[in-house]
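Heads up, the thing below is written out as structure tokens.
The values are calculated or read from the model by the stated rules, or taken from the named source; none is laboratory data. Model, not experiment: these values are computed from the prediction. Cβ placement follows ideal geometry from the backbone for every residue including glycine, while neighbour counts extend to all protein chains displayed. Accessible surface is based on the protein model in full, side chains and every heavy atom, while ligands, DNA and RNA are left aside. Shrake-Rupley method; radii C 1.70, N 1.55, O 1.52, S 1.80 Å.
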Amino acid sequence: MDSDSVDVKFLWERLSQQLGHLTLENRRRVAVGLIVAYAAHDGQKRKSGEPFITHPVEVARILGGLYLDADTIIAGLLHDTVEDTDRLSFEEIEQRFGVHVRRIVEAETRLTKIVPTRPGERVKDLDFQHFFMCMSQDVRILLVKLADRLHNMRTMASMKTEKQKEKAAETLQVYAPLAGLLGLDTVKEEMEVLSLRYFDPDRYFELKDHLKKLEAVQETILKDAKDILERKLQNDPLLAKQVRQISITARQKSIYSLYKIYKRSQWKLEGNQRLNQVAQLHVLLDTDDPSAESAAVCYYVLGVIHLLWSPIPGKLKDCIATPKPSSWKGLSTNVWPSSGARLVTPIEILIQTSHMSTGNVAQWQPSQWNHIEADDDVSDDESNSIFDSSDETEFNLTLRNGFNRLPTLSYRSSGFGQAQIWLENLQKWQHEIGTKMSPRDYVDCIRDDFLSPSVYVFTPAGEFVQLPEVKALFCFFLTTFLGRNGAGFRLSYSCAYR
Ligand code: MN
């Protein structure tokens with residue numbers, strides 16, 4: 001973008017496209033936010049040479065696209081003002097836009113810009129801890145951070161290679177999983193793909209090429225299958241009663257999910273069938289009913305599909321009844337579409353209702369945004385329980401960092417309900433343990449235990465526990481091979497910190 005053409009009018013035209021859900025009054029507040037941000041960043045440039053203001057405006061546009069409220073969008077506009085300019089203070093932000101906007105901007109601002117570090121503390125760790133502590137108080141803090149990171153990833157081309165790699169790794173380890181936990185599937189996927197491009201460019205372009213070649217072969221059969229399925233579902237009398245709209249998208253599997261398969265196959269591209277099965281149909285059922293019962297319609301659609309095309313045995317995944325730690329909700333199956341005699345490729349079909357699907361932030365209630373005000377009493381009653389519960393079970397695994405007290409997901413809720421429970425747990429955990437850790441340990445714990453790939457495990461009591469994959473394997477090894485009452489997981493709920 002040419003700097004002369006980037007004036008307030010131009011920026012407002014871009015931004016207001018994403019503000020259709022706000023009242024006139026709130027759009028006016030956002031406009032004031034834009035003018036303040038424009039003045040604060042006046043004269044600053046990004047590494048790419050673009051005027052700096054384009055960054056906060058794009059961040060605000062991402063937030064608007066998620067139907068977020070005016071406070072969040074204003075905070076998106078102002079998120080770098082205090083950190084990067086000396087033209088604005090937190091007090092001024094509060095006076096003009098209220099305490100919520102101030103709190104969000106404060107949380108986005110690097111702590112190390114405000115207070116000096118102590119000897120031995122790494123600046124990065126300290127900032128990370130500060131952000132996580134703030135984040136658990138108001139989910140909007142996390143949403144602004146994710147939008148900020150997403151736009152930075154989109155515009156990373158002009159950074160040094162080393163910096164690109166570092167940011168990409170951090171995004172894969174921390175921010176993409178966080179987006180997934182909030183159910184923002186599209187944000188998560190875009191982050192993963194952008195990160196991969198910088199994290200492992202050779203394999204990224206190799207897979208991109210591979211996908212392009214497959215598209216040439218599979219495109220027609222996928223399109224045919226889409227048309228057939230569309231007709232079948234549109235004409236179904238039972239669905240017509242329960243579903244407002246059915247939309248089917250034909251696409252290829254995400255390059256990042258392909259990368260994971262590629263990695264597991266030790267980077268062998270040839271002869272690996274799984275790397276060729278990339279055709280996907282995504283069936284989205286728009287229902288009025290947000291209740292859990294509306295999920296039943298997904299099973300009905302699955303039945304229709306399995307009667308239409310042969311399902312591939314063992315490839316059905318039910319992520320409605322059985323949770324998946326990644327938080328994706330829905331059904332997925334693989335079928336052989338029979339269009340004439342050609343059998344070109346199996347197709348993966350994903351089935352979801354609109355309530356399970358991505359980023360349905362619009363349904364979140366603004367009154368719930370910062371339901372989790374810091375509560376000093378939280379840990380008083382429970383603070384000792386984590387250390388003295390060793391008598392509970394026969395098999396006591398003592399693992400570092402108290403993994404079983406880490407925030408866990410409620411496996412039946414989704415969207416905001418899920419994010420809410422998760423943040424509440426995170427806050428409790430921070431009260432009990434997080435505050436006692438050094439910034440370094442804190443970062444390790446969040447990254448390795450809390451955001452790393454995890455699995456659900458059944459306990460003997462029939463409960464679900466979410467465990468980091470590595471630790472679950474470790475437990476499995478101990479219980480199965482060292483023999484404690486046969487196979488299976490015997491997990492204790494006690495743990496020790498350090
Ligand atoms: Mn920023």
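List every residue pair whose Cβ atoms lie under 7 Å apart, where the two residues are 6 or more positions apart in sequence or sit on different chains, the first residue falls within region 145-157 and is in a loop (DSSP other than H, G, I, E, B), and the second residue, located anywhere, is more than 10 Å from the ligand (Cβ to nearest atom).
If the second residue must be more than 10 Å from the ligand (Cβ to nearest atom), the pairs left are THR155/SER48; MET156/GLN164; MET156/LYS167; MET156/TYR198.
For GLY43, which of the numbered conditions (1) in contact with a strand residue (DSSP E or B) (Cβ under 9 Å, 6 or more places away or on another chain); (2) within 16 Å of the ligand (Cβ to nearest atom) fails to hold?
All conditions are met except number (2).
Of the residues that make up region 110-119, is at least one under 18 Å from the mean Cα position of the chain (by Cα), within 16 Å of the ligand (Cβ to nearest atom) and surrounded by fewer than 21 Cβ atoms within 10 Å (Cβ to Cβ)?
No: zero hits.
Do we find a residue being open to solvent by less than 50 Å² (accessible area, probe 1.4 Å), within 14 Å of the ligand (Cβ to nearest atom) and more than 28 Å from LYS253 (Cβ to Cβ) anywhere in region 152-159?
Checked against the condition, which is being open to solvent by less than 50 Å² (accessible area, probe 1.4 Å), within 14 Å of the ligand (Cβ to nearest atom) and more than 28 Å from LYS253 (Cβ to Cβ), region 152-159 yields no hits at all.
Scan region 73-89 for residues that are modelled with pLDDT of 95 or more and either of a type in the set (A, V, I, L, M) or more than 11 Å from the ligand (Cβ to nearest atom) (or both) and report the count.
The total comes to 5.
Which one is least open to solvent (accessible area, probe 1.4 Å), of the residues in region 236-253 that are under 17 Å from ASP289 (Cβ atoms) and in a strand (DSSP E or B)?
ILE246
Give all pairs with beta carbons closer than 9 Å in which a residue from region 260-274 that is basic (Lys, Arg) and outside any loop (DSSP other than H, G, I, E, B) meets a residue that is open to solvent by less than 100 Å² (accessible area, probe 1.4 Å) and modelled with pLDDT under 90; count only pairs at least 6 apart in sequence or on separate chains.
ARG274/SER265
When you go through (1) within 14 Å of the ligand (Cβ to nearest atom); (2) in contact (Cβ under 8 Å) with a residue 60 or more places away in the chain; (3) open to solvent by less than 20 Å² (accessible area, probe 1.4 Å); (4) farther than 14 Å from ALA40 by Cα one by one for ILE104, which number turns out not to apply?
Here ILE104 clears every test but (2).
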